[in-house]
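The values are calculated or read from the model by the stated rules, or taken from the named source; none is laboratory data. The structure displayed is predicted, hence computed values, not measured ones. All Cβ positions, even for glycine, are placed from backbone atoms using ideal geometry, and neighbour counts span all protein chains on display. In case anyone asks, the SASA skips ligands and DNA or RNA and just uses the protein heavy atoms, side chains included. Shrake-Rupley method; radii C 1.70, N 1.55, O 1.52, S 1.80 Å.
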Amino acid sequence: MQSTAAASVSASAIASGGGARSEPARRPGGLRVCGLRGESPACPSLRISQAPARLAVARAAAATNGAVAGSGGFDYDLVIIGAGVGGHGAALHAVEEGLKTAIIEGDVVGGTCVNRGCVPSKALLAVSGRMRELHDEHHMKSLGLQVSSTGYDRQAVADHANNLASKIRSNLTNSMKALGVDILTGVGTIVGKQKVRYGKVGFPDKEITARNIIIATGSTPFVPKGIEIDGKTVFTSDHALKLESVPDWIAIVGSGYIGLEFSDVYTALGSEVTFVEALDQLMPGFDPEIAKLAQRVLINPRKIDYHTGVFASKITPAKDGKPVLIELIDAKTKEHKETLEVDAALIATGRAPFTKGLGLENINVVTQRGFVPVDERMRVMDADGNVVPNLYCIGDANGKLMLAHAASAQGISVVEQISGRDHILNHLSIPAACFTHPEISMVGLTEPQAREKADKEGFEISVVKTSFKANTKALAENEGDGIAKLIYRSDTGEILGVHILGLHAADLIHEASNAIALGTRVQDIKFAVHAHPTLSEVLDELFKAAKVNSGVSHSVNEPVAA
């Protein structure tokens, strides 16, 4: 809980949108909690059980300093356009700070992540993981288990994903209502400084004023030119999550996170998959060494083939008894290479910001490739390069890091600023994960990125690796395929990046991401104790394997009691 002193800020600081800075409290070692540089330990979790007590304290502190509802003639202290994970995280933190808050949503609460992304996809991946394990006869026999036959009910699997999305959506809605967030239904448009109009078809628009506004409108699937979407045989991840069919042969255009996860689902359910990738290698966004190993584990043993260095210049849906046609051209020469005939095609070529209709032209803001331009504090910049007062943009709409938890962290950072405490989010501390079987996770820089940085700034890096094959818990599960990789500065011990491929990699990465956020060096974290036998010992061994130049100091806290 934040102290009353931390919550107490001047009315002028709040009114200026965080322009005035309070003197940050001094902390041992200059700690940066949750990747937020500043004084407040604001983490993007749902603190529902503690919220009422915290809310009472925060509101009392805010009221004392003039941040009460309607102060200065505004309807709200904060209005958020978009009720996805980012908007939700910002709203919860805002009411804890005693700010009267409204959130505008033109679709459904939860945004892409809850309704058409992270949440339902994990339900499908949970099914694919179990199917994959049950189909692995060698794995089952090695554990002394016998499985006679396996099968699945497609509609029941689809219902599981839909029911999970509905449950999480309800949880998010109820959590905001319980804390007093006003949920306004309609499409939000900025009509002027600190003014928002919202409404829905068939009903008159309403206009409200807000001391501060956050844009959190998210993104939609990006579909390149030449691709015709029919939602049945050629579709995006939005349609795929409904699992209306399981095609015998499906092409997946794009081999990033989305494409990889769906290849895991479809192959587990019996489909053959063909990847179409524009770059020269699969999984181009991953650390090259991890991508190479992942291809050996996730691609080569499965019914997956691929074409790299090619564009899908035209995709025609199946009709009149004809299959889906995919015309491939060389990515460099643009010459025709071949035409694929498949049963279905999933377009997984990334996402585009959903920022049309926001009324940005009313405040002299011009988007860049659809993204809202912001500075390091998520403050919106106008066409002249100036900060637009009291206006912020978080999440996919600003393009800094298109991850749901990044949007939530950005939202919390913004609320800290408008509450008078300056915060800058360290995006290098934000982890990412691909929920294949096994999983892939990462935080910080890839090895090529780290080497480029080292060459430019004049320092040396070191790389150490550990294998899941040496981990007792992984071996007990017969899941020894995997590796963890640490990239660090050998002169200072600074952690530059960590990459994991293996069982529960998505859960393991957080020790590394928190270390980066806190500024913890390898010479410190190597003294942390891990329970045995656990998968966490993969990272324990990784940090212990790191060698920092002699003479570099480290600080290990003395125990409170022997």
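Which of the peptides 307-319, 206-218 is most tightly packed, and how do the rest follow, going by the mean number of other Cβ atoms within 10 Å of each residue? Please list the in-between numbers first.
Working: 307-319: 18.4, 206-218: 24.0.
Per-residue Cβ counts within 10 Å, averaged per peptide and sorted highest first, yield 206-218, 307-319.
At R0 = 25 Å, how high is the FRET efficiency between Arg369 and Asp330 if r is their beta carbon distance? Nearest 0.05 is fine. Don't jump to the answer; show the numbers that get you there.
Details: r = 25 Å, r/R0 = 0.99.
E between Arg369 and Asp330, to the nearest 0.05, is 0.50.
At a threshold of 8 angstrom on Cα-Cα distance, excluding pairs fewer than six apart, so keeping six or more, what relative contact order does segment 204-328 reach in percent?
Working: 155 pairs, mean separation 32.0, N = 125.
Here the relative contact order equals 26 percent.
For segment 338-345, just list the computed ³J(HN,Hα) in residue order, Karplus coefficients 6.51, -1.76 and 1.60, θ = phi - 60°, integers in Hz, with x standing in for Gly and Pro.
6, 10, 8, 10, 10, 7, 7, 9
How high is the FRET efficiency between Glu376 and Asp248 when r is their beta carbon distance and R₀ equals 35 Å, given to the nearest 0.05?
Details: r = 49 Å, r/R0 = 1.40.
Here the calculated transfer efficiency is 0.10.
Taking θ as phi - 60°, what are the ³J(HN,Hα) couplings along segment 385-398 by the Karplus curve (6.51, -1.76, 1.60), each to the nearest whole Hz, with x for Gly and Pro?
Working through the residues one at a time gives x, 9, 5, 7, x, 6, 10, 10, 9, 10, x, 4, 5, 9 Hz.
If I model a spin label as a point 7 Å beyond the Cα along the Cα-Cβ vector, how far apart are those points for Glu228 and Lys547 in nm?
In this crude label model, Glu228 to Lys547 measures out at 6.3 nm.
Which FRET efficiency value, to the nearest 0.05, do you get for Thr534 and Asp107 by plugging their Cβ-Cβ distance into 1/(1 + (r/R0)^6) with R0 = 41 Å?
Details: r = 41 Å, r/R0 = 1.00.
E(calc), rounded to 0.05, equals 0.50.
How high is the relative contact order of the chain? Use alpha-carbon pairs under 8 Å, at least six apart in sequence, and give a whole percent.
16 percent
Run the Debye formula on the Cα coordinates of the chain, all scatterers equal and no solvent, and tell me log10 I(q)/I(0) at q = 0.13 1/Å.
With no solvent term, the Cα-only Debye profile gives -1.44.
Using a 7 Å offset from Cα along Cα-Cβ at Asn386, what residues in segment 179-208 end up with backbone N under 17 Å from the label point?
192-194
Sequence-distant or interchain residues sharing an amide H contact under 5 Å with Gly497, placed H: which?
Hits under the 5 Å cutoff: Leu445, Ile487.
Using a/c under 1.5 as the rounded threshold, could you call segment 418-490 rounded, prolate or oblate? The axes a ≥ b ≥ c are square roots of the C-alpha gyration tensor eigenvalues, and prolate needs a/b larger than b/c, oblate otherwise.
Working: a/c = 2.90, a/b = 1.45, b/c = 2.00.
Cα axes put segment 418-490 in the oblate bin.
Hey, can you find the accessible area per residue of the chain for me, probe 1.4 Å, expressed in square angstrom? Don't jump to the answer; show the numbers that get you there.
Details: 25510 Å² over 562 residues.
On a per-residue basis, the chain sits at 45 Å².
For the chain, with all protein chains present and a 1.4 Å probe, just round the carbon and sulfur fraction of the accessible area to a whole percent.
52 percent
Could you run the Karplus curve 6.51 cos²θ - 1.76 cosθ + 1.60 with θ = phi - 60° over segment 300-308 and give me ³J(HN,Hα) per residue in whole Hz, x for Gly and Pro?
Ordered by residue, 3J(HN,Hα) equals 4, x, 9, 7, 9, 10, 7, 10, 10 Hz.
What nm value, rounded to one decimal, do you get for the distance between Val201 and Arg154 when each label is placed 7 Å out toward the C-beta?
3.0 nm
Using the Cα gyration tensor of segment 428-545, with a ≥ b ≥ c the square roots of its eigenvalues, what is the shape: rounded (a/c below 1.5), prolate (a/b larger than b/c) or oblate (neither)?
Details: a/c = 1.97, a/b = 1.58, b/c = 1.25.
Taking the square roots of the gyration eigenvalues as a ≥ b ≥ c, segment 428-545 is prolate.
What is the Cα centroid distance between segment 309-357 and segment 401-433, reported in whole angstrom?
35 Å
Once you sort the root eigenvalues of the Cα gyration tensor of segment 111-218 as a ≥ b ≥ c, which label holds: rounded (a/c under 1.5), prolate (a/b larger than b/c) or oblate (the other case)?
Values: a/c = 3.90, a/b = 3.43, b/c = 1.14.
Prolate is the answer for segment 111-218, as a/c is 1.5 or above and a/b outweighs b/c.
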